[in-house]
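Working notes, structure below.
The values are calculated or read from the model by the stated rules, or taken from the named source; none is laboratory data. Note that this is a predicted model, so its numbers are computed, not measured. Ideal geometry is used to build each Cβ from the backbone, glycine not excepted, and the neighbour counts take in all protein chains shown.
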Amino acid sequence: DAKTTQPPSMDCAEGRAANLPCNHSTISGNEYVYWYRQIHSQGPQYIIHGLKNNETNEMASLIITEDRKSSTLILPHATLRDTAVYYCIARRGGGSQGNLIFGKGTKLSVKP
Amino acid sequence: ETGVTQTPRHLVMGMTNKKSLKCEQHLGHNAMYWYKQSAKKPLELMFVYSLEERVENNSVPSRFSPECPNSSHLFLHLHTLQPEDSALYLCASSQDQRSYEQYFGPGTRLTVT
């Protein structure tokens with residue numbers, strides 16, 4: 001599975017868009033990009049995932065570059081409650097084992 | 001509210017005690033997982049159950065013993081733990097064992113004294 005690289009921390013002003021980058025330069029063609037977040041003292045929360053097309057849901061948008069070597073998670077209007085550690089994970093879809101491998105993630109701090 | 005509940009939320013136990021953590025999912029999922037999150041370390045997968053059968057055991061010491069009596073319930077039985085076992089224990093579920101769209105419970109904060 002491809003290794004992902006994320007900045008350790010980012011700040012964002014409340015109400016502005018938060019753009020969280022992730023590099024996965026060794027990703028293979030059948031690996032999906034998953035995003036999770038973990039708010040302090042809570043369990044991780046699934047946000048979104050994609051293969052090569054951009055994806056959007058009620059929580060966020062996922063932009064994947066055409067060469068699939070990097071992606072950006074966008075929270076369009078960040079709130080204080082979006083302060084969390086965000087994890088980018090690359091995993092082969094339909095694998096025999098559903099084990100997610102979490103790295104260190106990006107600690108996003110949304111400030112008033 | 002993710003549809004996955006865990007009890008207790010906090011547990012303090014001595015090294016000679018026996019205790020159990022409970023997880024219940026209300027999502028109709030077929031796969032359930034136990035993860036461990038130690039301070040300043042990434043989440044570590046411990047066990048995977050699919051349709052009540054254990055399909056993965058990530059070299060977890062025998063002092064941790066999982067049990068999955070049905071597809072909605074998962075237990076983690078603890079005995080003779082060590083202080084380094086203090087951590088946040090998270091339960092998750094997914095539609096099946098191949099899905100990476102997993103729903104996590106709030107976790108049990110375990111302290112071993």
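Within the stretch A:6-47, track down each residue that is within 14 Å of chain B (Cβ to nearest Cβ) and in contact with a His (Cβ under 9 Å, 6 or more places away or on another chain). Those that are within 14 Å of chain B (Cβ to nearest Cβ) and in contact with a His (Cβ under 9 Å, 6 or more places away or on another chain): A:Glu31, A:Tyr32, A:Val33, A:Tyr34, A:Trp35. Filtering the stretch B:63-89 to residues that are touching a residue at least 60 places away in the same chain (Cβ under 8 Å) and either touching a strand residue (DSSP E or B) at 6+ places or on another chain (Cβ under 6 Å) or at positive phi (or both) leaves B:Leu78, B:His79, B:Thr80, B:Leu81, B:Pro83, B:Tyr89.
Where strands (runs of 3 or more DSSP E) sit wholly within the stretch B:31-113, those with at least 2 residues that are within 12 Å of chain A (Cβ to nearest Cβ) occupy B:31-37, B:44-50, B:53-57, B:87-94, B:108-112. Do you know which of the residues in the stretch A:48-79 that are touching a residue at least 24 places away in the same chain (Cβ under 8 Å) and basic (Lys, Arg) is nearest to the other protein chains (Cβ to nearest Cβ)? Here the answer is A:Arg68.
The condition (being at pLDDT 90 or above and of a type in the set (A, V, I, L, M)) is satisfied by just one residue among A:Ala17, A:Ala90, A:Ala2: A:Ala17. Annotation note: of B:Arg54, B:Arg109, the sole residue that is at pLDDT 95 or above and either surrounded by 14 or more Cβ atoms within 10 Å (Cβ to Cβ) or under 30 Å from A:Trp35 (Cβ atoms) (or both) is B:Arg109.
Checking B:Ser20 against (1) part of a strand (DSSP E or B); (2) touching a Phe, Trp or Tyr at 6+ places or on another chain (Cβ under 8 Å); (3) within 13 Å of chain A (Cβ to nearest Cβ), which single condition isn't satisfied? Only one criterion in (1) part of a strand (DSSP E or B); (2) touching a Phe, Trp or Tyr at 6+ places or on another chain (Cβ under 8 Å); (3) within 13 Å of chain A (Cβ to nearest Cβ) is unmet by B:Ser20, namely (3).
Would you point out the residue of the stretch A:56-75, among those that are among the polar types (S, T, N, Q) and part of a loop (DSSP other than H, G, I, E, B), that is farthest from A:Ala13 (Cα to Cα)? My answer is A:Thr65. In the stretch A:8-27 there is no residue matching the filter, namely being without any contact (Cβ under 8 Å) to a residue 40 or more places away in the chain, more than 15 Å from A:Thr79 (Cβ to Cβ), not in a strand (DSSP E or B) and not hydroxyl-bearing (Ser, Thr, Tyr).
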